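The values are calculated or read from the model by the stated rules, or taken from the named source; none is laboratory data. Here the structure is a predicted model, which means the values were calculated and not measured. Cβ: placed from backbone, ideal geometry, glycine included. Neighbour counts: every protein chain shown. The accessibility values were calculated without ligands, DNA or RNA, using every heavy atom of the protein model including side chains. Shrake-Rupley method; radii C 1.70, N 1.55, O 1.52, S 1.80 Å.
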Amino acid sequence: MTAPSAGLSIVPALLGAAGLTAALGLVGELRGGWFGTAAFAAGCWALGSRSRLPAAPVIGLAAWLFHNGFAEHRYAELRWQGWGFETRQFAVFAGTALLAALTARLSRRP
């Protein structure tokens, strides 16, 4: 089975982020902080390890959207807290997905 292309990765990325948001809401951790960020980074790792390298920014963007809209700011309200903060959040999520994709790619090589 081959990994989906970067364009098709938006569907599992959005579904994964939405599912993670729902799970965090059920356990009462749907707020800004280290736990929500770590949970979204773990979700990015899981999706990234099953995706191609160009899909990492797509996965990171989906995670950033749901983290910003539901974990940091409630009720699907996106807010901009400055280039530094938002770029750092996106870099964590996209970087985690990219590192997972690289690790999976290297482990599949003979």
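Under a point-charge model restricted to the Cβ atoms of Lys and Arg (+1) and Asp and Glu (-1), what is the dipole moment magnitude of the range 1-109 relative to its Cα centre, in debye to the nearest 20?
Computed charge dipole of the range 1-109: roughly 420 debye.
Once you list every other residue whose beta carbon is under 13 Å from the beta carbon of residue 69, what net charge do they have if Lys and Arg are +1 and Asp and Glu are -1?
So the environment of residue 69 carries a net charge of 0.
In deg cm²/dmol, rounded to 500, what helix-only [θ] at 222 nm does the chain give when every DSSP H run of at least 4 residues adds -39500 (n - 2.57) and the total is split over its residues?
Taking each H run of at least 4 residues, the total per residue is -21000 deg cm²/dmol.
Could you tell me the distance between the Cα centroids of the range 28-69 and the range 86-110, to the nearest Å?
Each part reduced to its Cα centre gives a spacing of 11 Å.
Assuming R0 = 25 Å, can you tell me the calculated FRET efficiency for the pair residue 91 and residue 22, based on Cβ-Cβ distance, to the nearest 0.05?
The computed FRET efficiency comes out at 0.50.
Percent relative contact order of the chain, based on C-alpha pairs within less than 8 angstrom and at least six residues apart?
Relative CO of the chain lands at 34 percent.
How far, in nm, would the chain grow between residue 73 and residue 34 when pulled straight, counting 0.36 nm per residue and subtracting the alpha carbon separation?
Length gained, residue 73 through residue 34: 12.6 nm.
Within the range 4-90, report the chymotrypsin sites (Phe, Trp or Tyr not before Pro) that DSSP leaves as loop and that have at most 11 other Cβ atoms within 10 Å.
Sites meeting the loop and neighbour criteria: 75, 80.
Work from the charge dipole of the range 60-110 (Cβ charges, +1 for Lys and Arg, -1 for Asp and Glu, about the Cα centre) and give the residue of 75, 100, 61 farthest towards its positive end.
100
Considering only protein heavy atoms, with the full assembly of protein chains and a 1.4 angstrom probe, order 72, 86 by accessible area, largest first.
Highest to lowest solvent-accessible surface, that is 72, 86.
If I stretch the segment between residue 81 and residue 107 completely, what's the gain in nm (0.36 nm per residue apart, minus their alpha carbon distance), one decimal?
Gain on stretching residue 81 to residue 107: 5.6 nm.
In whole percent, how big is the carbon plus sulfur part of the accessible area of the chain, probe 1.4 Å, protein atoms only?
The nonpolar share, carbon plus sulfur, comes to 70 percent.
Not counting ligands, DNA or RNA, and with a 1.4 Å probe, what is residue 58's accessible surface area in Å² rounded to the nearest 10?
Rounded to the nearest 10, that gives 40 Å².
What does the accessible area per residue of the chain come to in Å², with a 1.4 Å probe and no ligands, DNA or RNA counted?
On a per-residue basis, the chain sits at 59 Å².
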